[in-house]
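What follows is one structure encoded as structure tokens, with my remarks underneath.
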Amino acid sequence: MKEKYLEWLKAAVTRAIRTFAQTATGSIGAAALLSDVSWVQVLSASALASLVSLLMSVGGLPELKK
């Protein structure tokens with residue numbers, strides 16, 4: 001049972017990190033200049049997206065279904 005939980009946790013965290021990076025990339029890319037980037041907003045939006053990703057992972061992860 002512990003092995004399944006660790007496998008799920010690893011997959012969920014990996015997915016959340018990818019979501020964080022994708023959201024940050026989109027947020028940074030929306031600015032015209034690097035100096036126009038609101039880093040607080042980038043981090044806030046990325047953290048929220050990662051949290052949502054973790055919560056959605058509770059419903060199941062397709063990569064773990066065998």
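The number of residues in region 1-43 that are of a type in the set (Ser, Thr, Tyr) and loosely packed, with under 12 Cβ neighbours inside 10 Å comes to 2.
Residues of region 22-47 that are part of a helix (DSSP H, G or I), free of Cβ contacts under 8 Å to residues at least 24 places away in the same chain and of a type in the set (A, V, I, L, M, F, W, C): Ala24, Ile28, Leu34, Trp39, Val40, Val42, Leu43, Ala45. Residues satisfying the criterion are absent from region 21-44 (criterion: under 11 Å from the mean Cα position of the chain (by Cα) and under 19 Å from Leu6 (Cβ atoms)). Residues in region 53-66 that are in a helix (DSSP H, G or I) and in contact (Cβ under 8 Å) with a residue 12 or more places away in the chain: Ser53, Leu54, Ser57, Glu63, Leu64.
None of the figures in this text is laboratory data; all of them are computed from the coordinates on show. Nothing here was measured: the structure is a model prediction, and the numbers come from that model. As a convention, Cβ positions derive from the backbone with ideal geometry for all residues, glycine included, and neighbour counts pool all protein chains shown.
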